[in-house]
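Asker: My questions all concern the structure below.
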């Protein structure tokens with residue numbers, strides 16, 4: 001049986017981050033959204049927030065195969081989305097709520 005969330009989770013991403021960090025604070029942020037997504041179980045029954053610091057991320061984000069009654073939020077700079085630049089985001093085969101805001105996509 002696939003794993004599911006047991007509590008709300010928050011992860012942080014920054015250009016100064018490192019994917020060997022735990023991603024749980026701005027001081028220990030991940031470098032990529034892919035790393036934060038890799039930390040999630042397949043079943044999302046809680047609120048997952050992924051906050052992205054200002055910067056340019058040369059990353060094609062793939063969000064796929066999540067299910068559940070919870071949600072995944074990917075949040076950049078909501079007042080100035082042009083400050084958080086991602087290559088692209090693809091969502092496929094997801095059956096949970098996904099919200100993306102505050103980012104500019106270049107592809």
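Asker: Name every residue in the range 79-107 that is farther than 24 Å from residue 44 by Cα, touching a strand residue (DSSP E or B) at 6+ places or on another chain (Cβ under 7 Å), assigned to a loop (DSSP other than H, G, I, E, B) and at pLDDT 95 or above, in order of residue number.
Answerer: Matches in the range 79-107: none.
Asker: Of the residues that make up the range 73-83, is at least one more than 13 Å from the chain's Cα centre (by Cα) and in contact (Cβ under 8 Å) with a residue 40 or more places away in the chain?
Answerer: Among the residues of the range 73-83, not one is more than 13 Å from the chain's Cα centre (by Cα) and in contact (Cβ under 8 Å) with a residue 40 or more places away in the chain, which makes the answer no.
Asker: If I ask for residues that are part of a loop (DSSP other than H, G, I, E, B) and either surrounded by fewer than 16 Cβ atoms within 10 Å (Cβ to Cβ) or out of contact with any strand residue (DSSP E or B) (no Cβ under 8 Å at 6 or more places or on another chain) (or both), which ones from the range 21-40 would you list?
Answerer: Of the range 21-40, the ones part of a loop (DSSP other than H, G, I, E, B) are 21-25, 29, 31-32, 39-40.
Answer for the range 21-40, where residues must be part of a loop (DSSP other than H, G, I, E, B) and either surrounded by fewer than 16 Cβ atoms within 10 Å (Cβ to Cβ) or out of contact with any strand residue (DSSP E or B) (no Cβ under 8 Å at 6 or more places or on another chain) (or both): 22, 24, 25, 39.
Asker: Next question. I want to confirm something. Restricting to the range 6-20 and keeping residues that are assigned to a loop (DSSP other than H, G, I, E, B) and in contact with a strand residue (DSSP E or B) (Cβ under 6 Å, 6 or more places away or on another chain), which single residue is nearest to residue 77 (Cα to Cα)?
Answerer: To start, the set of residues in the range 6-20 that are assigned to a loop (DSSP other than H, G, I, E, B) comprises 6-8, 14-20.
Among the residues that remain, those that are also in contact with a strand residue (DSSP E or B) (Cβ under 6 Å, 6 or more places away or on another chain) are: 8, 15, 17, 19.
Details: 8: 21, 15: 14, 17: 17, 19: 21 Å.
Selected residue: 15.
Asker: Let me ask another. For the range 45-65, indicate whether the set of residues that are loosely packed, with under 14 Cβ neighbours inside 10 Å and free of Cβ contacts under 8 Å to residues at least 24 places away in the same chain is non-empty.
Answerer: For the range 45-65, residues loosely packed, with under 14 Cβ neighbours inside 10 Å and free of Cβ contacts under 8 Å to residues at least 24 places away in the same chain: absent.
The values are calculated or read from the model by the stated rules, or taken from the named source; none is laboratory data. None of these values were measured; they are calculated from a predicted model. Because the Cβ atoms are built from the backbone with ideal geometry, glycine has one as well, and the counts that use them run over all protein chains shown.
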